[in-house]
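Asks: Before anything else, here's the structure in question.
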Amino acid sequence: MPTPASRWPRGSATLATVVAGSIAALVAFAPVRHTGEAKAGLPLTAALPEQVPPGVVLRVGDPVTRWVFEHNGWDRKLPFRIEWAEITGGPDVTEAFHAGVLDVGFGASVPPIHAVWTGIPVRIIAFREYADRDSRQAYVLGIAPEAKIRTLADLRGKRIAFSPSQVQAQIVIETLKAVGIPRDQVTLVELPSSIGGDVYTNALVSGAVDAAPIRADLVAQRYVRDYGARGARVIKHPPFRDDGGTIYVPEAALADPGKAAALRIFAHYWGLGQAWINAHPEELARGYYAGKRGLPIADARVLAGYIANVSVPRNWAGAIAYEQSAIDTLGPETKHPRLDAATLFDRRFETIAGDAAASAEGHRS
């Protein structure tokens, strides 16, 4: 569940210029088979190494995790160095993986799937979901001011924003199926969704699309607040899951014994971080969203509350089923082959983050 892109202190992301240049230089690449084994180095079936050799560096692209680690001083306890980069959102993370400038990315359900479909073998090493996922949605459908859409049935014949490499695509396709609207009775307008939602909300306001899946947090609130007088509104999508968040890494990083050992420790602290966020939403709002991002405190509290109350499962059966649903929904639509979702997960990590989160929660109970 990525956070909106905004300001970051100058010079804080050591890879920023490298990533920008590398991503700009990317060329088209052909899909490759997801083999289930890294090409060289540590086999993906081997036990995770426990010792991190000197000089190991992990390049991580999750700015919220950065703040939590630094705020708690965890980065200074690690037997390896983290180079933090402000690279968030599925398309940017995938391109950074392809360019070889990132080891760890955060995304929703679809980016790891899309990475494999486009020839970048990755594995999920941690997973989180809403603790109250039965009653909360991560996304809603934003409706353009002049679209005359009052119910989901009114989507028939409309233009809908669509990003095939992101969870928003899954939301669109599952919504159409749920309300019985054939794919050929809507126009899908391919637009990459920005982390902050500006691309989709701008498309709605300009009339370029009639509907778009947008974050149900501050993005939706601001959209209705700013354009509701003109007729802008939001509609909930049908009841299906849209809440999964993944930490995923290239198989090449797992094939490096030093990085694999570092990733084991990183996953542990990431699990601690999720528990810390659950217990300290006000501190996160004031310190990160208001203090670091410069948001008004009311908006900061919305965002902090939105990523709090998450669960880090130590059994991935539900997570695998969730990813399989995304594969089966998007594969036929995007003409990609069916994958076995279980091959996306590195089961050696299954309990690491969940155990850490549970341990932290237990200390507070």
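Asks: Quick check on my filter: what residues within the range 329-357 are farther than 24 Å from Asn278 by Cβ, modelled with pLDDT of 95 or more and assigned to a helix (DSSP H, G or I)?
Replies: Ala341, Ala342, Thr343, Leu344, Arg347, Arg348
Asks: Just the residues that are over 16 Å from Ala326 (Cα atoms) and of a type in the set (Val, Ile, Thr), please, taken from the range 233-248.
Replies: Scanning the range 233-248 gives Val234, Ile235, Ile247.
Asks: Would you tally the residues in the range 268-291 being buried (at least 21 other Cβ atoms within 10 Å of the Cβ) and either in contact with an Asp or Glu (Cβ under 6 Å, 6 or more places away or on another chain) or outside any helix (DSSP H, G or I) (or both)?
Replies: Summing the residues that are buried (at least 21 other Cβ atoms within 10 Å of the Cβ) and either in contact with an Asp or Glu (Cβ under 6 Å, 6 or more places away or on another chain) or outside any helix (DSSP H, G or I) (or both) in the range 268-291 gives 1.
Asks: Just checking, does the range 265-274 include any residue being at pLDDT 95 or above and touching a Gly at 6+ places or on another chain (Cβ under 8 Å)?
Replies: Yes.
Asks: When residues of the range 171-190 are filtered for being in contact (Cβ under 8 Å) with a residue 40 or more places away in the chain, open to solvent by less than 60 Å² (accessible area, probe 1.4 Å) and in contact with a Phe, Trp or Tyr (Cβ under 9 Å, 6 or more places away or on another chain), how many remain?
Replies: Of the residues in that region, 5 qualify.
Asks: Could you tell me which residue of the range 331-365 is surrounded by the fewest Cβ atoms within 10 Å (Cβ to Cβ), considering only residues that are more than 21 Å from the chain's Cα centre (by Cα) and of a type outside the set (D, E, K, R)?
Replies: This residue is Ser365.
Asks: Residues Asp328, Asp299, Asp346: which one is without any contact (Cβ under 8 Å) to a residue 12 or more places away in the chain and acidic (Asp, Glu)?
Replies: Answer to the selection: Asp328.
Asks: If you take the residues in the range 232-259 that are small (Gly, Ala, Ser) and within 29 Å of Ala131 (Cα to Cα), which one is surrounded by the fewest Cβ atoms within 10 Å (Cβ to Cβ)?
Replies: Among those residues, the one meeting the criterion is Gly245.
Asks: Which residues, counting only those in the range 314-328, are farther than 20 Å from Ala131 by Cα and either over 18 Å from the mean Cα position of the chain (by Cα) or of a type in the set (Phe, Trp, Tyr) (or both)?
Replies: Once the filter is applied, which keeps residues that are farther than 20 Å from Ala131 by Cα and either over 18 Å from the mean Cα position of the chain (by Cα) or of a type in the set (Phe, Trp, Tyr) (or both), the range 314-328 yields only Asp328.
Asks: Looking at Ala229, Ala262, Ala208, can you tell me which residue is part of a loop (DSSP other than H, G, I, E, B) and either open to solvent by 40 Å² or more (accessible area, probe 1.4 Å) or at pLDDT 95 or above (or both)?
Replies: Checking each option against the conditions leaves just Ala208.
The values are calculated or read from the model by the stated rules, or taken from the named source; none is laboratory data. Just so you know, these numbers come straight off a predicted model, no measurement behind them. Neighbour counts run over all protein chains shown; Cβ positions are idealised from the backbone, glycine included. These area figures cover heavy atoms from the full protein model, side chains too; ligands, DNA and RNA do not enter into them. Shrake-Rupley method; radii C 1.70, N 1.55, O 1.52, S 1.80 Å.
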